[in-house]
Structure formats: C-alpha cells, structure tokens
Amino acid sequence: MQGQGARGRLGGMSTSQSRPQVQPQAEGWKQALDAEGRPKLQFAQSRRVSQPPKHLADLSLDERVEWVKELGHQGFRAKQLSVHYFSHYTSDPAEMTDLPADSREEMVAELLPPLLTEVRRLRTDDGATIKFLWRLFDGALVESVLMRYRNRITLCISSQCGCGMNCPFCATGQNGLTRNMSTAEIVDQIVRANRVIAAGELDAPSAEEIAEEKDHAGLGEEADEAASPPAAASASGPQRVSNIVFMGMGEPLANYKRVMNAIRRMVDPAPEGLGMSARGITVSTVGLVPAIRKLAAEDLPLTFALSLHAPDDELRDELIPVNSRWKADEAIDAAYEYFVKTGRRVSIEYALIKDMNDHPWRADLLAEKLNARGRGWVHVNPIPLNPTPGSIWTSSEPEVMAEFLRRLEAKGVPTTLRDTRGKEIDGACGQLAAAED
Ligand code: SAH
C-alpha cells in the first residue's frame, strides 16, 4: 500500500523526497510473531535435532591424531587423510594409494563420512557461476554459489539450514531455522567446490563480465588485493576458491562456535586446513551485537559486513526483526569497534528496495551516522534488491540508486554498487531457499 505520506523526516519539498514510504506490513507479507507478539526470532536450533556424523574437518590436526589412534590406526594416518581431503579434495579411498589397502575403506568411512550429496547444479554467466544444491545427512537442503571473476574465485556458503532471523525480503528466512550446519558441513562446501574447479568445470568469466566487474564490486572484492596475486601474475586466475562470503543461507553469528571452527579450518595452513587468507573471508550478519564483539576479539583479520538496510530504527525494526534486540546505532557501534580492534575496514550492506529504504534522506542519515563515528573505517555496499518468490517488493530504479550512491559519496563515504551474480538461477543474495523442484 502506498501513499502513507510524509513520515518524521520526510519534510523536504523535492519530488524525490516526497516519494511515498512503503511499509513492509502492507505488502502482503505477514511477519511471524512469537507468543508476546514480537517478530519471531530463532537464535538456537531445537534440542531434539540430530547432528551429522563426526568428520575429520570438525577437528584440529591434534584432535584428528587422537581420534585416529582411538580408532586403532597409527597417528600419522591423520595427516595423510588430511592431505587427501584438504589438498586433493578427495574422500574417495580408491585415490588414497598411500594408505594400506586393507584398512583404507574403513578409515575413510570413519573419518570422512559423506556430508553433502549433490542434488542439482545450475550454471549461468556462461559457466562462470554455478549454484549447488546439497542434501545433508538428514535430508535438509542447503545451497552454495561459486563465482569465478578475473582474478579471484568466490564461494558464497551457507552456515545454517534455513534461518531464524525472519527478514521479510529474504527467501531463506521464510521457513525458519531447521538446524545449524556442523563445522565439517560448512567446510565441505569449499572442498567440494575446489574439486569442481580442479576438474575444470568452472569456466572463465566472459569479456563482458570482466568489463562489468570494473564498474561494480563483486562479493569479497574488499579482500581482492590481499587474497589474490596481481592479475598479471595469474593470467588464468586462481585454481581454487580464494574468497569466501558467509552470505548463503543462515545467520553465521547465530551458529558462532561451528562457524568459527570452520574459519579455523579455512585459514589453517595445509594440510591441517585449506591455507586460505583470513582477509578473503567475509562474515556477514544481521547485527547480533554481542557476537560481533566476540568476533572482533578473535584476533583474525576477517572481513566483516553488517546488513544494515536502514539507518533508522523505525524502518529497520520492520526490515530486520533482530533490530528489536539491537538497534541500528548499537549495530553500527559494534561494526565500528570491529574496525578499531582489527584495523579491517567494514562493509555496510544495503539492499535498495523501491520506495522502502531508498529515499535520499536515508542516504544522508546513513552517511551522517557513519561519519559521526569516524572516517575511513567503512564502506557502503548497496545492492539492488533481488526478487524473491511471492514478494512484490522490487529493486529501486536506476536513477534512485544513482542518487543514493551520489549522496553517500558527496559526504565522503566510499560506496560501491554490488555486482549481483546468479539472479537467473535464483542464486543471488536473498534468493537461496533450497527447494528440490
Ligand atoms: N544472515 C546474514 C548473511 C546472509 S544474507 C546477513 O543477513 O547478513 C547475505 C546478504 O544478502 C545480506 O546482506 C542480506 O541482507 C542480503 N539479502 C537478503 N535478501 C536479499 C534480497 N532479496 N536482495 C538483495 N540482498 C538480499
């Protein structure tokens, strides 16, 4: 429903400032409420949920050695298995000829149980983007999206089956949280993607894609210089995943322990882990403030992204239900603290939704709030809203987006419109809903 007229700050006279404010409730979407009538949020999975089998990737190398011994094998087998998994991306005993033939199968069954079954693979961008649908041991479905750019390969991974944060514009949140993914389930998305890349199944981006890349930042772009060698040194680009974004299904900070453990596996040097750069790993959150503080204290130069989407509580309360717990200013403060503690410039994510949050005054207010904390600590990553099933909200008009960006830049806030890959295959931000048909 439109035409709700001027709200508090809509006092200006220009036509762009008097555009209607659209309310989320009026768009045919009803937010699920809890017993007290507040937006329904699920911070934890149900206690009855069963966990996937233990896997080598759940453990540090020392813990693996212990486990291997407990199972009656020699301790050094842990390292051999780790090389197969983290460096050769294989869980196939037939490929492990350095292990004794008579116990190979048994060892693999115990330490490398299958976690992700590929259900479907969709390709777009001439094969430079692949969306995977995985089935987990209990039938739960999750997705990950693999994207090759000129000189980096980014994997967008899931951290939970479903999501408990209930954001009305995101497809993942609509069915609630099924369960947390285990550390190894999170890591296995990367190992499986690396295997696909090694098999030559992820194509190079077209010249057209590369030209577009120059105008728009891709996911994980921030870490580009740090994580990848210069373009000239890698004419064919990297041959494995170089950048991770926790922007698939789930709220990573609501599954803190397993996500952090998975990040350890990513950054641990091979063969203990994948030997990736922490700077190339982006953790994105709706704004769970205590968990952001904890993350800042981890002493890892991860890239941090806050899904803000509105600078004012009035609207953010509607768009991001968790705003009922931690307000926009608290979330921005926590993001600023992340910068202070780690020295890493943080990203503010802002999905531009037509007539919802794209008003010029909101760009001004956002810039004011960011500048009030300091300069040079943040950049804003607006992204045109991706359509989700059943939602009538749409992306802002190009000229409205341009004005939004212009206003932020005029106030000295670095801003890059985010490239959004995979829309054609429902693989873009907010579109991951993991259905089999
Ligand atoms: N739960 C985390 C990470 C998953 S979503 C978070 O919220 O940050 C990754 C990003 O996609 C978030 O910024 C999210 O707000 C954004 N997003 C969700 N739905 C979207 C949509 N329909 N269009 C564009 N971006 C969307």
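A short reminder: the numbers here are calculations on the coordinates, not readings from a lab. Just so it is clear, the structure is predicted and the values come from calculations on it, not from any experiment. For neighbour counting, all protein chains shown are included, and Cβ atoms are generated from backbone atoms with ideal geometry for every residue, glycine included.
Pull up all non-local amide H partners of R120: gap of 5 or more, or a different chain, and H-to-H distance under 5 Å with H placed in the peptide plane.
L133
Given H placed on each backbone N at 1.01 Å, which residues far from V245 in sequence or on other chains put an amide H within less than 5 Å of it?
Under 5 Å from the amide H of V245 lie the amide H atoms of L155, C156, I157, T282, each far enough along the sequence or on another chain.
Quick one: what are the phi-derived ³J(HN,Hα) couplings along the range 349-358, Karplus 6.51/-1.76/1.60 with θ = phi - 60°, whole Hz, x for glycine and proline?
8, 8, 6, 7, 10, 3, 6, 9, 9, 9
Could I have the simple spin-label model distance between E314 and A211, label points 7 Å from Cα toward Cβ, reported in nm to one decimal?
With each label point 7 Å from Cα toward Cβ, the separation is 4.4 nm.
Could you work out how far apart the two model spin labels at D92 and E106 are, taking each label as a point 7 Å from the Cα in the direction of the beta carbon, and quote it in nm?
2.4 nm
Which one, L352, P321, F339, projects farthest toward the positive side of the charge dipole computed for the range 321-364 from Cβ point charges (K/R +1, D/E -1)?
F339
Rounded to whole Hz and in sequence order, give me ³J(HN,Hα) for the range 131-137 from the Karplus expression 6.51 cos²θ - 1.76 cosθ + 1.60, θ = phi - 60°, writing x for Gly and Pro.
Running phi through 6.51 cos²θ - 1.76 cosθ + 1.60 with θ = phi - 60° gives 9, 9, 10, 10, 9, 8, 4 Hz.
Residue by residue, what Karplus-based ³J(HN,Hα) values in Hz, rounded to whole numbers, does the range 47-56 have, using 6.51, -1.76 and 1.60 with θ = phi - 60° and x for Gly and Pro?
5, 7, 5, 8, 9, x, x, 5, 9, 3
Based on the Cβ-Cβ distance from K257 to L122, what FRET efficiency comes out when R0 is 30 Å, to the nearest 0.05?
0.40
What's the magnitude of the charge dipole for the chain around its Cα centre, counting Lys and Arg as +1 and Asp and Glu as -1 at the beta-carbon? Answer in Debye, nearest 20. Write down the numbers at each step before the final one.
Values: 51 positive and 61 negative charges, 176 e Å.
With only Lys, Arg, Asp and Glu charged at Cβ, the dipole is about 840 debye.
Please give the net charge around L432, taking every other residue with its beta carbon less than 11 angstrom from that of L432, where Lys and Arg add +1 and Asp and Glu add -1. Each step should come with its number before you reach the end.
Values: positive: K131; negative: E143, D426.
That works out to -1.
Net charge near F132: determine it from the other residues with C-beta under 9 Å of the C-beta of F132, scoring Lys and Arg +1 and Asp and Glu -1.
Working: positive: R120, R121, K131, R192; negative: E118, E143.
That works out to +2.
To the nearest 500 deg cm²/dmol, what mean residue ellipticity at 222 nm is calculated for the chain from DSSP H runs of n ≥ 4 alone, each contributing -39,500 (n - 2.57), summed and divided by the residues? List each step's numbers first, then the result.
On the way: 12 runs with 122 residues, N = 437.
One gets -8000 deg cm²/dmol as the mean residue ellipticity at 222 nm.
Could you tell me the relative contact order of the chain? Use alpha-carbon pairs under 8 Å, at least six residues apart, and round to a whole percent. Don't jump to the answer; show the numbers that get you there.
Details: 873 pairs, mean separation 73.1, N = 437.
Dividing the mean separation by the residue count of the chain yields 17 percent.
What full-extension length gain, to one decimal in nm, is calculated for D34 and K327 as 0.36 nm per residue of separation minus the Cα-Cα distance?
Working: separation 293, 0.36 × 293 = 105.48 nm, distance 1.91 nm.
Here the answer is 103.6 nm.
How would you order 71-79, 157-165 from highest to lowest mean count of nearby Cβ atoms within 10 Å?
Working: 71-79: 15.6, 157-165: 26.2.
Per-residue Cβ counts within 10 Å, averaged per peptide and sorted highest first, yield 157-165, 71-79.
With each label point set 7 Å from Cα along the Cα-Cβ vector, what nm distance links R47 and K79?
Distance between the two pseudo-spin positions: 4.3 nm.
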